[in-house]
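Note sheet for the following structure.
The values are calculated or read from the model by the stated rules, or taken from the named source; none is laboratory data. On a predicted model such as this, the values are computed, not experimentally measured, just so you know. For neighbour counting, all protein chains shown are included, and Cβ atoms are generated from backbone atoms with ideal geometry for every residue, glycine included.
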Amino acid sequence: MDIVLGVDIGGTKTKVGLVDADGRCLEKTFFRTKEYPNLDDYIEKLQETCDDLLQKGGQDFKVLGCGIGAPNASSKNGTIENASNLLWKGTVPFLSKFKEKIDLPMRIMNDASAAALGEMLFGSAKNMTDFIAITLGTGFGAGIVANGQLIDGYDGFAGELGHVDMTMGDGRLTGLGVKGGLEAYVSATGLKRTIMYMLSKYLVDSRFRSIAFNDLHGEDISQAAEEGDPIALMSFDYTAKIMAQALANFTAFTQPEAFILMGGLTNSGKWIMDPLEKYFNEFLLEIYRGKVKLLMSGMEGKTAAICGAAALIWEQHKS
């Protein structure tokens, strides 16, 4: 049976899985990225994890290769460069170091761009030639497909839309130090920051007045909205409005058929999606209205990032 190793390197967790030709994650595991601040130690742990997973699979697998999705990863250079939520600073020659440990065909790419390829092969973008995949986790990532081709960019860093300034340089800092950058508002972390902003702006009662920032979780905010908590409702509305403006602006670049949304913030369901759809259609230029869909990822939520990474290899075997 042919399989691909998919590796998703996140600031908190590194997820590894075995992905078949239909985009099913047959086995998966994870370890905590931040427990390995030394790159060589991390590479060794990743090798051990991949080897253990292949043994755990218990089948006669033919491994076609290893696809790796990571923040600030250059597909052209095989490097991870200045990733704000990883402990390895500067330019890290990740691919060359990992190839010394595992002798497999290997590709690395920005995690959101990998997710876009995953949606084309396995998810909601099958048969689409123009769409933008949006990842809404700790930050805001984008993978852009136009005319059936992934927009990779000159150096492999296209799609850093989370660091587009939405406030003319007078707002919150993103992880890369951009004032007013989109991910500081539209992300799981951004929503938490907005809760604190709303608490300072309004005096209404809210369950969040007795909760510290580090104890805030997305599911708690959704539950509070369900119960009618005004701070939660205003925070979702505020987040959705900024996101809608950004997506309307991005529509003018490539006129996508759809934005495909994935990541932790999408778990808030209708509390983020209902106001997003309302504002999005208000902000779109008239020539685009009614033509651009907002879709959820077609890949299984807990393994979507792994399958997106595996798509880097599967893409070469399906073409």
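Of all the listed residues (Ala232, Ala224, Ala248), the sole one being modelled with pLDDT of 95 or more, of a type in the set (A, V, I, L, M, F, W, C), within 20 Å of Glu183 (Cβ to Cβ) and outside any loop (DSSP other than H, G, I, E, B) is Ala248. Kindly indicate whether Gln59 is among the polar types (S, T, N, Q) and touching a residue at least 24 places away in the same chain (Cβ under 8 Å). Criteria met by Gln59.
Okay, residues lined up against (1) closer than 22 Å to Leu284 by Cα; (2) of a type in the set (A, V, I, L, M, F, W, C); (3) assigned by TED's automatic domain parsing to the domain that holds Gly263:
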site	(1), (2), (3)
Gly171	no, no, yes
Ser187	yes, no, yes
Arg193	no, no, yes
Ile231	no, yes, yes
Ala248	yes, yes, yes
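Being modelled with pLDDT under 95 and out of contact with any helix residue (DSSP H, G or I) (no Cβ under 8 Å at 6 or more places or on another chain) is a property that does not hold for Asp111. If you filter the range 282-305 down to residues that are part of a helix (DSSP H, G or I), surrounded by 14 or more Cβ atoms within 10 Å (Cβ to Cβ) and at pLDDT below 95, you find that the one that is farthest from the chain's Cα centre (by Cα) is Thr303.
Does the range 193-208 contain at least one residue that is modelled with pLDDT of 95 or more, in contact with a Lys or Arg (Cβ under 6 Å, 6 or more places away or on another chain) and surrounded by 18 or more Cβ atoms within 10 Å (Cβ to Cβ)? No, because not a single residue in the range 193-208 is modelled with pLDDT of 95 or more, in contact with a Lys or Arg (Cβ under 6 Å, 6 or more places away or on another chain) and surrounded by 18 or more Cβ atoms within 10 Å (Cβ to Cβ). Quick check on the range 15-32. Is at least one of its residues buried (at least 18 other Cβ atoms within 10 Å of the Cβ) and hydroxyl-bearing (Ser, Thr, Tyr)? No, the range 15-32 contains no residue that is buried (at least 18 other Cβ atoms within 10 Å of the Cβ) and hydroxyl-bearing (Ser, Thr, Tyr). Taking first residues from the range 257-272 that are closer than 17 Å to Lys291 by Cα and partners that are acidic (Asp, Glu), the Cβ contacts under 7 Å between residues at least 6 apart in sequence or on separate chains come to Glu257/Asp130; Ile260/Glu119.
Give the residue that is surrounded by the most Cβ atoms within 10 Å (Cβ to Cβ), with candidates limited to residues of the range 135-172 that are among the small types (Gly, Ala, Ser) and outside any loop (DSSP other than H, G, I, E, B). Among residues in the range 135-172 that are among the small types (Gly, Ala, Ser) and outside any loop (DSSP other than H, G, I, E, B), the one surrounded by the most Cβ atoms within 10 Å (Cβ to Cβ) is Gly143. Among the residues of the range 254-273, those that are crowded, with 18+ Cβ neighbours inside 10 Å, in contact with a strand residue (DSSP E or B) (Cβ under 9 Å, 6 or more places away or on another chain) and of a type in the set (A, V, I, L, M, F, W, C) comprise Ala258, Phe259, Ile260, Leu261, Met262, Leu265, Ile272. One residue alone among Leu117, Leu95 is outside any strand (DSSP E or B), surrounded by fewer than 22 Cβ atoms within 10 Å (Cβ to Cβ) and not polar (S, T, N, Q), and that residue is Leu95.
Scanning the range 42-87 for residues that are of a type in the set (Asp, Glu) and farther than 30 Å from Gly162 by Cα turns up Glu44, Glu48, Asp51, Asp52, Asp60. For the range 206-218, the tally of residues that are touching a helix residue (DSSP H, G or I) at 6+ places or on another chain (Cβ under 8 Å) and under 27 Å from His163 (Cβ atoms) stands at 3.
The set of residues from the range 284-313 being among the basic types (Lys, Arg) and more than 15 Å from Ile132 (Cα to Cα) comprises Arg289, Lys302. Exactly one residue out of Ile108, Ile132 is crowded, with 24+ Cβ neighbours inside 10 Å, more than 19 Å from Gly67 (Cα to Cα) and touching a strand residue (DSSP E or B) at 6+ places or on another chain (Cβ under 9 Å), and it is Ile132.
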